[in-house]
1. Please give the peptides A:310-316, B:439-445, A:381-387 ranked by average Cβ packing (other Cβ atoms within 10 Å per residue), highest first, as a rough proxy for protection.
2. Give the aspartates and glutamates reachable from A:Lys488 as a straight Cα distance under 14 Å; neighbours fewer than 8 places away on the same chain don't count.
3. Taking 2.2 N^0.38 Å as the expected size of a compact globular protein, what ratio does the Cα radius of gyration of region A:160-279 give against it, to two decimals?
4. What is the distance in Å between the Cα centroid of region A:186-215 and that of region B:382-441?
5. Residue by residue, what Karplus-based ³J(HN,Hα) values in Hz, rounded to whole numbers, does region B:351-367 have, using 6.51, -1.76 and 1.60 with θ = phi - 60° and x for Gly and Pro?
6. Report, ordered by chain and residue number, the aspartates and glutamates lying within cross-link reach of A:Lys455, taken as a straight Cα distance under 15 Å and ignoring same-chain residues fewer than 8 apart.
7. How many Lys pairs in region A:160-279 lie less than 20 angstrom apart by Cα atoms, where the lysines are 8 or more positions apart or on different chains?
8. Sum -39500 (n - 2.57) across every DSSP H segment of at least 4 residues in the protein assembly as shown, then divide by the residue count to get the 222 nm mean residue ellipticity, nearest 500.
Number of protein chains: 2
Amino acid sequence: MGTAHNASDAFSSSDSDRLVKHVYHQREAVDSHSDTELGSDSLLSSLDTPAPLSSSYGTTEDIKKAIEELRHALPGEHRVQTNRDTLVLHGSSENSYHPSSPHSVVVQVKSTEDVVKVVNISRKYKVPIVPYSGATSLEGHFNGYPSGSVCIDMSAMDQILEINEADGDLRCQAGARWEDINRTLKKKGIPLFFPLDPGPGATIGGMIGTGCSGTNAVRYGTAKAEWFLNVTVVLPSGKVIKTRQRARKSSAGFDTTKLFIGAEGTLGIMRIATLRLAPCVPTKVAMAQFPNVEKAVSAVQEILNTACGPHIQCVELLDDHMMSAINTAGIVEQPYPVQDTLFFKLQGSFECISETSKIVQRIVQRHGSTRFEFASTDQEAEDLWENRKYALVSTLASHPGTKCWTTDVCVPVSKLPQLVYETKEDLAKAGLKSTIVGHVGDGNFHALILFRDEKEVKSVSEAVHRLIHRAIEMDGTCTGEHGIGIGKTEYLVKELGEDTVELMKTVKRAIDPLNLFNPGKVCLDMFQ
Amino acid sequence: MGTAHNASDAFSSSDSDRLVKHVYHQREAVDSHSDTELGSDSLLSSLDTPAPLSSSYGTTEDIKKAIEELRHALPGEHRVQTNRDTLVLHGSSENSYHPSSPHSVVVQVKSTEDVVKVVNISRKYKVPIVPYSGATSLEGHFNGYPSGSVCIDMSAMDQILEINEADGDLRCQAGARWEDINRTLKKKGIPLFFPLDPGPGATIGGMIGTGCSGTNAVRYGTAKAEWFLNVTVVLPSGKVIKTRQRARKSSAGFDTTKLFIGAEGTLGIMRIATLRLAPCVPTKVAMAQFPNVEKAVSAVQEILNTACGPHIQCVELLDDHMMSAINTAGIVEQPYPVQDTLFFKLQGSFECISETSKIVQRIVQRHGSTRFEFASTDQEAEDLWENRKYALVSTLASHPGTKCWTTDVCVPVSKLPQLVYETKEDLAKAGLKSTIVGHVGDGNFHALILFRDEKEVKSVSEAVHRLIHRAIEMDGTCTGEHGIGIGKTEYLVKELGEDTVELMKTVKRAIDPLNLFNPGKVCLDMFQ
């Protein structure tokens, strides 16, 4: 069932008027918990209230018929659920504070045939269909649709189907998690790994959907590089296509694999993917402290442009607040210096790492670093890296009773110091506490902004708004790796221009003429 | 004007009935050379003969009006040309033997505004429009359209517009050549380079169009990775869009940059691209001989999957025939041993290369290599690599009086030995001479098959046909890096399935509803 989060403590942001672009009236239903299995009728009656966003979608009666048909199509226990908690949990996330709505029904699929059945029923009754698996996304990607939606839960399809060690590739189902894939490879003694490393718990389907990346992107690129050799997708028409064969390269026509990467489930539902793997290379973790972010970033720029650049697997920036949070959270035995810090992961043989580290040390010192040290043991390196990966947890643990709004933007690396500087100043002025972590090697910057109540969340939302505009004005993007969902649709035109967004809509209309696949995500007004 | 090849010695393959899927009646016009400037009338009269492929295209009269309008829109000498030689040279290539047709008019553009004007006139009169720049492609990508076409020559727009050294990116016009870009960076002392290295003379626009790659793809991936940060494109509607900002990463909506990579000019005309650059890393070239291809490929597989894999920038396979051709062509001072040979380019610092070379040497010896040696000087390394890059020239020079049909396929690396073995056997059985070179690290395989006359070219065409089917059956592709053009359209459905090809057509129809942009390429029957 994936990590279906408990939505009861999700903060209601309904008062934040900038956010409430569309009235998701179902939120109240989320706030009271009940284990009662709701009959379709009682559920559906609650769907009568909101005005559907599109009048072309199925009526309450249609949704009822669709649910009945789904029960026949997917026999077996818990395959078709209308339990209120399930509907709520699958339609919202404790990771995000965007307006949300419970689904009308949650169906668990186990095969391509199941997915096709669900898509065909959804099309027959014109009920939007929202894919769900890892439930780790931050921008409301799997939120329910206000006038009713079928949530298609892919998380049970998490199998590795084939490993081709000699070719360095692997075929798996869309619900497989990247961490499980890497654990399996390690357990089997295969010296290969899948380098995309977004948040813990993310699944291949969602990683494709959001065009994810992570700390390894400096060395290995993102989901938009060539890690997905092909995908098998169910289209809105119900047709199943495989985008490519298994060869590493192909220039046979349009790159239809890439069409689905970053499309957030709006063009097709992922079923199977062939992943390219990379050889495991020894790594070592190092840490350097700086007097300020500007100096840290200028060191990174110089390092990446030298001949030792290719040995840098990751460079992460943790600001002084984040370092303090890690100390306070009590995760580390010895507290870290509370300074803007770079975490490096260097890769290569012993000789390569040792040589690279000398060059890195020389450069960071030239840029004012006061301290540079390696993790002395593998365990220390692992802990150090875990601290980075669990930034959100540390941030929350160090500020009990708060909640955290996570956002990301990305700018050309040279603009990052200015962006960080201005953002920290802006947050201080607004009286907001925040930690900052960033995949600084790519110019990708995450702010984890804390809040306690509705007044503060409004203030956070406004600060995020200003941050995004700041990034776009620096030739950057409103989202480096978290996608658009419903959280960032309003920035798309400013960032890309009307005609580029119109091109997206043209493609969407052609592939999904009924606007049934995850409507409202990417472009809220896809069909306007 | 790019490398407009002399088409007079292009071999007419009109007798090869498998190739002649569409009758390009204009070939005769190619065979007699004339410097006479043809009036539009005399040119157009020759266009009366063939039945247009689509009755919805403009008539002879429309084309005439379009040419007149183009003359007004693009004033100045040689901007709008209807000289027969120019029309022929821009509509065919000595690198390919697919049926071709001269264009109706060739226009030289110098700005985005020019491109928009041409697109709007082409749309007004419904005349197909075919982009042209480096003219190095092999599958007939810039061939003229039988019922008449406007060839838009982008080669004069070859400027680098901006270099952002700190961010490791560069903005240039679509007509810029990758070799010129790298030469400029070197000359300016900027320690960065653009790693995509297709055939000499290729331009950025064409590289995007074909989804190119080259020898560096083992380490840096292909055009479908993340080397193009954004593209500025003129759409069939005449609208100009920029697909993304300059940040290295973005997950802001559909990946519209990728929509154009591999689309062969059928969805938009490239104007400007922002390229990501990589740091220059010292390299060293090595060579290993093997008793057969199987042993060479198995060595490559093992090398790439070890921890030293990331230090392998390139691995090229040259078969015994190719080695013999290099010797015979007289390019090298000392003849090479005539054996199946791997050329390696290793990258890294002195220590890294020296360590990697020890590992490589150990592995190749275990796989039966009889000889492994480094180029002893930089000059020798450069010469060695040039020999690989000029495989076609060597092949032709060693067989005076012959012509050469170059084709490529790509299969999972583990299937490559079988593919090479069966193909060499098949070519021998057909009595055909061929050299084989391959980007073996990616499973990408090029056959350069020689012929002297029409009978032989038919036999070559049939052998290519069998090679492609063999590759597709091995989970491979009909084209690893040369694209589809008109040469490989017939294999697309076999390789990808009808529904995947239909998805391409759906996208094409939505973006180019009049089928004006390079029609007949990628899918001949795009609108059927």
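Here, each number is a calculation from the coordinates, and none is a lab measurement. Keep in mind it's a predicted model, so treat the numbers as computed, not measured. Don't worry about glycine lacking a Cβ; one is built from the backbone with ideal geometry, like all the others, and counts go over all protein chains shown.
1. Result, highest mean first: B:439-445, A:310-316, A:381-387.
2. Answer for A:Lys488, where 14 Å is the Cα cut-off: A:Glu139, A:Glu264, A:Asp408, A:Glu462, A:Asp525, listed by chain and number.
3. 0.99
4. 37
5. My calculation for region B:351-367 gives 5, 4, 5, 5, 5, 4, 5, 5, 5, 4, 4, 4, 5, 5, 5, 5, 9 Hz in order.
6. Here the aspartates and glutamates satisfying the reach criterion relative to A:Lys455 are A:Asp15, A:Asp17.
7. Number of lysine pairs found: 6.
8. Working: 36 runs with 364 residues, N = 1056.
Result for the protein assembly as shown: -10000 deg cm²/dmol, rounded to the nearest 500.
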